[in-house]
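Q: Below is the structure I would like to discuss, written out as structure tokens.
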Amino acid sequence: MKLDIIGDVHGCFTEFRELTKKLGYEWGTGLPVHPYGRKLGFMGDLTDRGHHSLETISTVYGLFQKDTVYYVPGNHCNKLYRYFLGNNVKILHGLETTVAELSALTEKERNRYRDMFIELYEQSPLYHVLDKGKLILAHADIKEELIGKQSNRVKTFVLYGDITGEKNDDGTPVRKDWARDYQGEAWIVYGHTPVKEARILNKTANIDTGAVFGGMLSAFRYPELEVVSVASSMPFVAEKFREVE
């Protein structure tokens with residue numbers, strides 16, 4: 001299995017396209033295709049905050065239709081899914097940018113994006129177990145003892161991380177540093193918590209390098225275990241990055 005796993009895109013489609021080209025993908029068909037058959041993985045949070053959430057959705061959906069992608073949803077994906085279902089969700093924390101893109105379209109076009117995203121979301125697992133259990137893709141994290149299980153507890157872990165129920169000063173949830181204690185054999189690749197550089201620790205890789213906050217968009221190449229990044233064009237917001245040792 002040869003896979004290029006991309007961190008939280010958050011509508012940064014320009015950076016996504018640049019990163020895939022740097023990884024050797026070609027866009028002649030309108031979708032990124034690797035000449036040697038490598039596939040792309042996505043850690044969720046395709047949308048919100050960036051300028052091109054809908055273009056990101058349509059591209060990942062196109063790859064999904066061709067069975068050339070491994071996608072897992074993130075917390076922003078879950079919220080957009082509930083919005084598309086007509087649930088009462090707050091249009092905050094980035095969702096407003098995606099809703100603004102949708103509002104500029106005709107009803108027929110809005111429905112097309114809704115149907116694409118709902119199909120992508122509903123037909124994708126909460127987390128992927130790949131390469132005979134050697135590689136796990138989960139948006140925020142997954143504890144070793146939860147791998148292979150499905151429950152509301154698992155859903156909370158993979159979408160939001162190992163949260164304590166407490167809040168930081170900026171209102172974000174306090175999360176435990178689960179990667180520091182991980183001792184499993186499988187590589188766990190995740191995102192969700194922006195860091196200035198990809199964090200590789202105990203066979204875990206956090207590849208959310210804050211593209212939408214002016215950091216980088218990063219990919220983890222498997223089985224090479226290499227990180228490839230491109231700089232973001234977005235304004236840098238230092239307080240959005242978590243400081244880790």
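The values are calculated or read from the model by the stated rules, or taken from the named source; none is laboratory data. What you see is a predicted model, and the numbers here were worked out from it, not measured in a lab. Virtual Cβ from ideal backbone geometry, glycine too; neighbours counted across all protein chains shown. In case anyone asks, the SASA skips ligands and DNA or RNA and just uses the protein heavy atoms, side chains included. Shrake-Rupley method; radii C 1.70, N 1.55, O 1.52, S 1.80 Å.
Q: For the stretch 62-196, divide the Cα radius of gyration by the Kirkwood radius and give the resulting Rg/Rh value with two decimals.
A: The Rg/Rh ratio comes out at 0.99.
Q: Go ahead and collect, in residue order, the members of the stretch 81-98 whose backbone nitrogen is under 17 Å from a label point 7 Å along the Cα-Cβ direction of Ile163.
A: 81-83, 88-95
Q: Express in nm, to one decimal, how much length is gained between Tyr36 and Lys155 on full extension, taking 0.36 nm for each residue of separation and deducting their alpha carbon distance.
A: 39.4 nm
Q: Right, another one. Which shape class applies to the chain: rounded if a/c is under 1.5, otherwise prolate when a/b exceeds b/c and oblate if not, where a ≥ b ≥ c are the square roots of the Cα gyration tensor eigenvalues?
A: Since a/c stays below 1.5, the shape of the chain is classed as rounded.
Q: So how far apart, in nm, are the two label points at Glu197 and Ile118 if each is 7 Å from Cα heading toward Cβ?
A: Placing both labels 7 Å beyond Cα along the Cβ direction yields 4.5 nm.
Q: Using amide H atoms built 1.01 Å from N in the peptide plane, name the residues 5+ places from Ala205, or on other chains, whose amide H lies under 5 Å from its own.
A: For Ala205, whose amide H was placed from the backbone, the distant partners under 5 Å are Ile188, Val189, Tyr190.
Q: How much length is gained if the chain between Asn111 and His51 is pulled fully straight, taking 0.36 nm per residue apart and subtracting their Cα-Cα distance, in nm to one decimal?
A: Taking Asn111 through His51 to full extension adds about 19.6 nm, to one decimal.
Q: Separate question: For the chain, set up a GNM with springs between Cα atoms under 10 Å and report which of Phe117, Phe220, Phe84 has the largest fluctuation.
A: In the Gaussian network model the winner is Phe84.
Q: Per residue, how large is the accessible surface of the chain? Use a 1.4 angstrom probe and give square angstrom.
A: For the chain, the per-residue accessible area is 48 Å².
Q: Given R₀ = 30 Å, what would the calculated FRET efficiency be for Ala238 paired with Ser103, taking r from the Cβ atoms and rounding to 0.05?
A: On the way: r = 31 Å, r/R0 = 1.04.
Plugging the Cβ-Cβ distance into 1/(1 + (r/R0)^6) gives 0.45.
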